[in-house]
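First the structure, in the form of structure tokens, and then the observations on it.
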Amino acid sequence: MDIKTSPFGKLNDGNDVKLFTLTNNTTTIKITNYGAIITSIEMPDKQGNIDNIVCGFNNLESYISDEYTSGCPYFGALIGRFGNRIANGHLVIDGVEYKMAINNGPNHLHGGILGFDKKLWDAKTFAEEDKIGVELTYLSVDGEENYPGNLQVTCIYSLDLENNFSIEYLAETYKTTVVNLTNHSYFNLTGGKENILEHELELTATKMTEMVEQIPTGKIVDVANTVFDFTTSKKINRDIESLATGYDDNFVLDNETGELKYIGTLKESNSGRKVKVYTTQPGIQIYTGYWNPEFIINGKKKFGSYSGIALETQHYPDSVNRPEFPSTLLKPGELYNEKTIYKFLAE
């Protein structure tokens with residue numbers, strides 16, 4: 001196993017950005033400390049051909065360009081302070097109302113205008129006997145994007161010899177706040193040669209949060225006999241035509257105690273590639289990328305609608321306004337600690 005650090009470019013304020021490359025016997029993962037973004041995951045197919053299986057760019061300029069940020073799909077980024085939506089930007093903590101940025105229809109999305117995905121993180125690499133990785137840290141100050149409390153955040157990315165790619169989050173606060181961290185990588189197991197509609201998805205989830213215009217109603221409903229039933233592996237395109245903009249829904253994992261549990265598999269038959277997902281989180285947002293913008297890169301069209309599928313392990317959307325949902329409140333003296341593992345296979 002090997003880990004390398006290299007320059008990735010400069011931000012407009014002159015700060016240098018780094019790229020960290022983690023390599024084991026078969027897989028190479030690249031991560032930048034700008035936005036804690038996973039820029040690529042290169043792995044072989046069943047015939048040994050190497051492809052990048054996530055949506056991303058090979059230079060910093062693309063991530064900070066006006067073209068990208070104007071319709072930002074959050075490729076590979078760490079999302080925070082609160083992933084997913086907060087209805088009407090309405091947040092109340094200890095009786096105090098906080099008005100959050102409205103940046104997704106009438107709602108607050110993914111931490112606001114300048115969320116964790118657009119911050120420069122401190123970083124250090126590590127190499128242990130059984131894994132290599134990079135530890136990223138960021139201090140989100142009291143009032144940033146109008147969230148209360150200084151929040152010290154750590155994200156640890158690591159890769160082992162068994163192709164387990166681990167993402168672990170830790171956070172502490174000095175004033176009661178809300179935290180819901182996730183990673184927004186979009187997987188495409190064809191290496192971007194085709195869209196993800198022929199991919200197959202299986203989830204252990206038998207329930208989901210009922211949604212109206214992307215906001216939970218508060219009801220937990222069964223997925224059985226609906227287009228949202230992935231309890232048996234099925235192709236993404238089997239039922240998607242009944243959904244105007246594809247899937248963008250939160251599935252309930254029955255995991256409120258925070259155990260690390262297997263919760264699903266994404267696979268693609270032609271390549272033989274699979275991604276198995278394990279998490280301590282209570283939910284997973286499945287987003288099939290209908291709104292992904294199309295870019296011209298080296299004279300060729302790239303990405304666009306259904307170019308990748310996001311498997312966002314997290315707490316439920318708008319849980320800050322739903323006391324019946326697993327809590328996203330973090331109080332002084334408590335430790336926020338969540339972990340997700342993506343295991344890569346080619347069969």
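When Leu189 is tested against (1) assigned to a strand (DSSP E or B); (2) in contact (Cβ under 8 Å) with a residue 40 or more places away in the chain; (3) of a type outside the set (Val, Ile, Thr), only condition (1) is not met. In the range 145-161, the count of residues that are surrounded by 20 or more Cβ atoms within 10 Å (Cβ to Cβ), of a type in the set (Gly, Ala, Ser) and touching a Gly at 6+ places or on another chain (Cβ under 6 Å) is one or more.
For the range 148-180, filtered to residues that are of a type in the set (A, V, I, L, M, F, W, C) and touching a Cys at 6+ places or on another chain (Cβ under 9 Å), the residue that is nearest to Leu22 (Cα to Cα) is Ile167. If you go through the range 229-243 and keep only what is surrounded by fewer than 20 Cβ atoms within 10 Å (Cβ to Cβ) and assigned to a loop (DSSP other than H, G, I, E, B), you end up with Asp229, Thr231, Thr232, Ser233, Asp239, Leu243. For the range 92-125, filtered to residues that are touching a residue at least 24 places away in the same chain (Cβ under 8 Å) and under 30 Å from Glu162 (Cβ atoms), the residue that is surrounded by the fewest Cβ atoms within 10 Å (Cβ to Cβ) is Asp122. Would you check which residues across the range 9-50 are touching a helix residue (DSSP H, G or I) at 6+ places or on another chain (Cβ under 8 Å) and hydrophobic (A, V, I, L, M, F, W, C) and list them? Across the range 9-50, the qualifying residues are Leu11, Val17, Ala36, Ile37. Listed by position, the strands (runs of 3 or more DSSP E) contained in the range 4-67 that have at least 2 residues being polar (S, T, N, Q) and either within 20 Å of Ala127 (Cα to Cα) or free of Cβ contacts under 8 Å to residues at least 60 places away in the same chain (or both) are 16-23, 28-32, 37-44.
Gly246 passes every criterion in (1) surrounded by fewer than 22 Cβ atoms within 10 Å (Cβ to Cβ); (2) in contact with a Lys or Arg (Cβ under 9 Å, 6 or more places away or on another chain) apart from (2). A single member of Ile220, Ile196 is of a type in the set (A, V, I, L, M, F, W, C) and in a strand (DSSP E or B), and it is Ile220. Glu324 falls short of the stated requirement of being acidic (Asp, Glu), within 21 Å of Leu189 (Cβ to Cβ) and surrounded by fewer than 22 Cβ atoms within 10 Å (Cβ to Cβ). Scan the range 237-265 for residues that are of a type outside the set (S, T, N, Q) and more than 26 Å from Asp318 (Cα to Cα) and jot them down. Arg238, Asp239, Glu241, listed by residue number. Scanning the range 305-336 for residues that are in contact with a strand residue (DSSP E or B) (Cβ under 6 Å, 6 or more places away or on another chain), closer than 16 Å to Tyr247 by Cα and part of a loop (DSSP other than H, G, I, E, B) yields a total of 3.
Tyr68: more than 19 Å from Thr177 (Cβ to Cβ), under 20 Å from the mean Cα position of the chain (by Cα) and not charged (D, E, K, R), yes or no? Reasoning before the result, please.
Details: more than 19 Å from Thr177 (Cβ to Cβ): yes; under 20 Å from the mean Cα position of the chain (by Cα): yes; not charged (D, E, K, R): yes.
So Tyr68 passes the test.
Out of everything in the range 126-157 that is of a type in the set (Asp, Glu) and free of Cβ contacts under 8 Å to residues at least 60 places away in the same chain, what residue ends up being nearest to Gly333 (Cα to Cα)? Break it down into steps so the answer makes sense when it comes.
Initially, the range 126-157 is screened for residues of a type in the set (Asp, Glu), giving 128-130, 135, 142, 144-145.
Filter again for free of Cβ contacts under 8 Å to residues at least 60 places away in the same chain, leaving 128-130, 135, 142.
Values: Glu128: 29, Glu129: 32, Asp130: 31, Glu135: 22, Asp142: 16 Å.
Applying the filter and picking the extreme gives Asp142.
Read-outs: derived from the displayed coordinates by stated rules, not from any lab. Keep in mind it's a predicted model, so treat the numbers as computed, not measured. We place every Cβ from the backbone using ideal geometry, glycine too, and count neighbours over all the protein chains shown.
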